[in-house]
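Trainee: Take this structure first; my questions come after.
Each value in this text was obtained by applying a stated rule to the coordinates, not by laboratory testing. Owing to the predicted nature of the structure, the values given are computational and were not obtained by experimental measurement. Cβ sites come from the backbone with ideal geometry, for glycine too, and all protein chains shown count toward neighbours.
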Amino acid sequence: MAKNTICIWYDKDAEAAARFYAATFPDSTVDAVRTAPGDNPSGKQGDVLTVEFTVLGIPCLGLNGGPEFRQSEAFSFQVATDDQEETDRYWNAIVGNGGRESACGWCKDKWGVSWQITPRALSEAMVAGGAEAKRAFEAMMTMNKIDIAAIEAARRG
């Protein structure tokens, strides 16, 4: 196990979420599925309790902890994309698998985990600063999924 691992609380579907992430993102795997050694508040002995998985090279632990705690935008995966095709592919995979769109490149998967699908073109526009960044930022504020061509047009003015 890695020294630092992100632990994500799921109601009961950590394994399904991990398998979806592994099928959707490169450098992502399901590494181990562990069952509960005894009954617990969120399940019975033998139920899947934890799932060790990797998302885009980041080690994670999915915990089937029950319905007590919910996901929020306070935690999100930010995925840097290189072009519109990659942006669309990840966005459509998440939203098309029971997720929901949000604003400014954010979406939630069907388990409530937030994702920022962020084209590098947007990040580069923000780093540029000044009027260029302001125009790109204002364009982004009108979007759900980021439209790279619109961001680049806004940068140019």
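Trainee: Over the chain, what is the mean sequence separation of C-alpha contacts under 8 Å (at least six apart), divided by residue count, expressed as relative contact order in percent?
Mentor: Reported as a whole number, the value is 18 percent.
Trainee: Given a cut-off of 20 Å, what percent of all Cα-Cα pairs of region 1-94 lie beyond it?
Mentor: Every Cα pair in region 1-94 considered, those over 20 Å come to 40 percent.
Trainee: Give me the lysines in straight-line cross-link reach of Lys110: C-alpha distance below 28 Å, same-chain residues under 8 apart excluded.
Mentor: Those lysines meeting the cut-off are Lys12, Lys44, Lys145.
Trainee: Just add up the charged neighbours of Ala131: K/R +1, D/E -1, any other residue whose Cβ is under 14 Å from the Cβ of Ala131.
Mentor: Once all neighbours under 14 Å are counted, the net charge is +2.
Trainee: Let me know the longest stretch in the chain that avoids all GluC sites (Glu not before Pro) found in a DSSP loop with at most 15 other C-beta atoms within 10 Å.
Mentor: In the chain, the maximal stretch lacking such sites is 74-157.
Trainee: When the dipole is taken about the Cα centre of region 71-157, and only Lys, Arg (+1) and Asp, Glu (-1) are charged at their Cβ, what size is it in debye, to the nearest 20?
Mentor: 220
Trainee: Starting from the Cα of Ala131, step 7 Å along the direction of its Cβ; do the same at Asp83; then give the gap between the two resulting points in nm.
Mentor: If labels sit at Ala131 and Asp83, their model points lie 3.2 nm apart.
Trainee: Can you give the longest stretch of the chain with no exposed loop site, where a site means chymotrypsin sites (Phe, Trp or Tyr not before Pro) in a DSSP loop (not H, G, I, E or B) with at most 11 other C-beta atoms within 10 Å?
Mentor: 76-157
Trainee: What does DSSP give for the chain in terms of the percent of beta bridges that are antiparallel, rounded to the nearest 5?
Mentor: In the chain, DSSP labels about 60 percent of beta bridges as antiparallel.
Trainee: On to the next question. With a cap of 16 neighbouring Cβ atoms within 10 Å, and only residues DSSP puts in a loop, list the trypsin sites (Lys or Arg not before Pro) found in region 57-157.
Mentor: Answer in residue order: Arg70, Lys110.
Trainee: Mean projection of the alpha-carbon convex hull of the chain over all orientations, in nm²?
Mentor: Its average projected convex-hull area is 10.0 nm².
Trainee: Asp39 to Ser72: FRET efficiency via 1/(1 + (r/R0)^6), r the Cβ-Cβ distance, R0 25 Å, to the nearest 0.05?
Mentor: 0.30
Trainee: Shifting gears a bit: Treat every Asp and Glu Cβ in the chain as -1 and every Lys and Arg Cβ as +1, leave all other atoms uncharged, and give the resulting dipole magnitude about the Cα centre to the nearest 20 debye.
Mentor: The calculation lands at about 240 debye.
Trainee: Among Met140, Met126, which comes first, second and so on when ranked by fewest other beta-carbon atoms within 10 Å?
Mentor: Ascending Cβ contact count within 10 Å gives the list Met126, Met140.
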